[in-house]
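Data block below; observations after.
The values are calculated or read from the model by the stated rules, or taken from the named source; none is laboratory data. Note that the structure is a prediction, hence the values are computed from the model and not measured. No Cβ is skipped: glycine too gets one built from the backbone with ideal geometry, and neighbour counts run over all protein chains shown.
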Amino acid sequence: MSTLYTELGLAPALNANGRMTALGGSRLSDGVVDAMAEAARSHVVMDELLTAAGRELARAAGTEDACPTTGAAAGIALAVAAVIAGTDPARIEALPDPGDRPHEVVLQKGHAVHFGAPVRQMIALGGGTPVEAGAVNRVRRAHLEGAIGPRTAALLYVQSHHAVQKGSLSLAETVAVGRAHGVPVLVDAAAESELRTWTGSGADLVVFSGGKALGGPTSGLVCGPAGLVAACRAQYAGIGRPMKVGKETVLGLVRAVREHEERRGAGDGSGPARERERMARLAARLDGLPGVTARVVRDEAGRDIHRAELTIDPAGAGRDAGALAAELAAGSPPVFLRDHHAATGRLAVDPRPLTPDEEETVARRLTELLSGPAGHAAADAG
Ligand SMILES: *Cc1c(COP(=O)(O)O)cnc(C)c1O
């Protein structure tokens, strides 16, 4: 069947990596696609759509209000702009120049991550100046407090598997410092799925990605009290303009969050439990391929995600983990494993974006590659 992808010379990718921006984020449900099509086919008063959608998203997040965005990255920039400029039109239009307003955004050094772009740069887009506290692997309350002064606009806490998990301050400690100093706390919880866990932390504004764990289109949301969220929305007449969110995205996001809530309501976590069983079966099947040791591991950021992790011994596999991942990606269909830890010999299969058929293809391709001439030769030699 000819599709626009194939007409453009593209082969749809087989994503065993996770909800990766580089692979197009989430696969949308039919319901989300229908919602986006409904929005695409008619006009709407955008201010009314943003307000109504915000109200519905806020219900799911357990906050007073929420502001739809093009993504979590835009959400960080808008949240920073909101705490600096509020709803004052002159200040909004002057950003990213903060003028004489407090504009420093204090974050732990191990939170200054690159998620595909630097968090520091998103702060700067909103008119903020990032101030890093402590060392990469050691931050004490005194480091954070010492970085707070009259120019401080906010504290930013980054919840992410990219962030250094060692020696860092918890969100609860960060919120306590913010409270003690009267400084708002912003949270980047881009890839998280349990909205209320983060909005209920006492933080002021929490940013999520709609296109990652929530299963929506490329989108995001900023959640918090009415006043601060109104200030986020107001930035669409300023630095938010190049982050303009379309009606299709907003309606798709609302539908995705609804479906996410329904799954959780039905839920008891049976989805994650099923995925864990699938990965256990896959690991058992792949364990013992030449040069492969496989087991199930839990997500390093503590989310309820279990992946099949393959540790690659180059002596048996005939290539190292990085080369194996590259061969899979160069094949047909291109298969993308999770390769964050390839440098230490580990690859992983993420169950969330994989259909059972695709999982079968991943297993078959791995078996073919590793049982093929290169794998055997090395195994025989070893
Ligand atoms: C993905 C990610 C972002 C950006 O989210 P988008 O929705 O892609 O804009 C920001 N912060 C962290 C920690 C991320 O993982």
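Considering Leu282, Leu214, the condition of being within 30 Å of Ala323 (Cα to Cα), buried (at least 17 other Cβ atoms within 10 Å of the Cβ), in contact with a helix residue (DSSP H, G or I) (Cβ under 7 Å, 6 or more places away or on another chain) and modelled with pLDDT of 95 or more is satisfied by Leu282 alone.
Against the numbered list (1) assigned to a loop (DSSP other than H, G, I, E, B); (2) more than 15 Å from the ligand (Cβ to nearest atom); (3) surrounded by fewer than 21 Cβ atoms within 10 Å (Cβ to Cβ), Pro98 comes up short only at (3). Output yes when any residue across region 133-141 is more than 25 Å from the chain's Cα centre (by Cα), part of a loop (DSSP other than H, G, I, E, B), assigned by TED's automatic domain parsing to the domain that holds Ala81 and free of Cβ contacts under 8 Å to residues at least 40 places away in the same chain, and no when none is. Yes. Among the residues of region 156-179, the ones that are under 26 Å from the mean Cα position of the chain (by Cα) and away from the ligand (no atom under 16 Å from the Cβ) come to 10 in all.
Taking Gly178, is it over 24 Å from Thr69 (Cα atoms), surrounded by fewer than 22 Cβ atoms within 10 Å (Cβ to Cβ) and either out of contact with any His (no Cβ under 6 Å at 6 or more places or on another chain) or of a type in the set (A, V, I, L, M) (or both)? Judged against the criteria, Gly178 is not a match. Taking the conditions (1) within 16 Å of the ligand (Cβ to nearest atom); (2) under 19 Å from the mean Cα position of the chain (by Cα); (3) within 22 Å of Gly202 (Cβ to Cβ) in turn, Val105 satisfies each one other than (2). What residue, of Glu275, Glu261, is charged (D, E, K, R) and assigned by TED's automatic domain parsing to the domain that holds Cys67? When all the criteria are applied, what remains is Glu261. Pairs are defined by a Cβ separation below 9 Å, a sequence spacing of at least 6 or placement on different chains, a first member in region 147-172 that is over 22 Å from Ser209 (Cα atoms), and a second member that is within 13 Å of the ligand (Cβ to nearest atom) and among the hydroxyl-bearing types (Ser, Thr, Tyr); the pairs so defined are Leu169/Tyr157.
Screening Thr21 against (1) among the β-branched types (Val, Ile, Thr); (2) under 30 Å from Ile305 (Cα atoms); (3) surrounded by 24 or more Cβ atoms within 10 Å (Cβ to Cβ) leaves a single unmet condition, (3). Residue-level check: of (1) touching a strand residue (DSSP E or B) at 6+ places or on another chain (Cβ under 6 Å); (2) surrounded by fewer than 18 Cβ atoms within 10 Å (Cβ to Cβ); (3) farther than 25 Å from Gly211 by Cβ, Arg364 misses just (1). Taking the criterion of being in a helix (DSSP H, G or I), free of Cβ contacts under 8 Å to residues at least 12 places away in the same chain and of a type outside the set (A, V, I, L, M), the residues of region 237-287 that qualify are Arg241, Pro242, Glu262, Arg263, Arg264, Gly265, Gly267, Ser270, Gly271, Arg274, Glu277, Arg281. Against the numbered list (1) within 22 Å of the chain's Cα centre (by Cα); (2) among the small types (Gly, Ala, Ser); (3) not assigned by TED's automatic domain parsing to the domain that holds Gly86, Gly252 comes up short only at (3). Of all residues in region 218-252, those being within 20 Å of Ala90 (Cα to Cα) and away from the ligand (no atom under 13 Å from the Cβ) number 17. Report yes if some residue within region 260-269 is in contact with a helix residue (DSSP H, G or I) (Cβ under 9 Å, 6 or more places away or on another chain) and surrounded by 18 or more Cβ atoms within 10 Å (Cβ to Cβ); otherwise report no. Yes - at least one qualifying residue is present in region 260-269. Taking the criterion of being more than 16 Å from the ligand (Cβ to nearest atom), in a helix (DSSP H, G or I) and touching a Gly at 6+ places or on another chain (Cβ under 6 Å), the only residue of region 45-90 that qualifies is Ile84.
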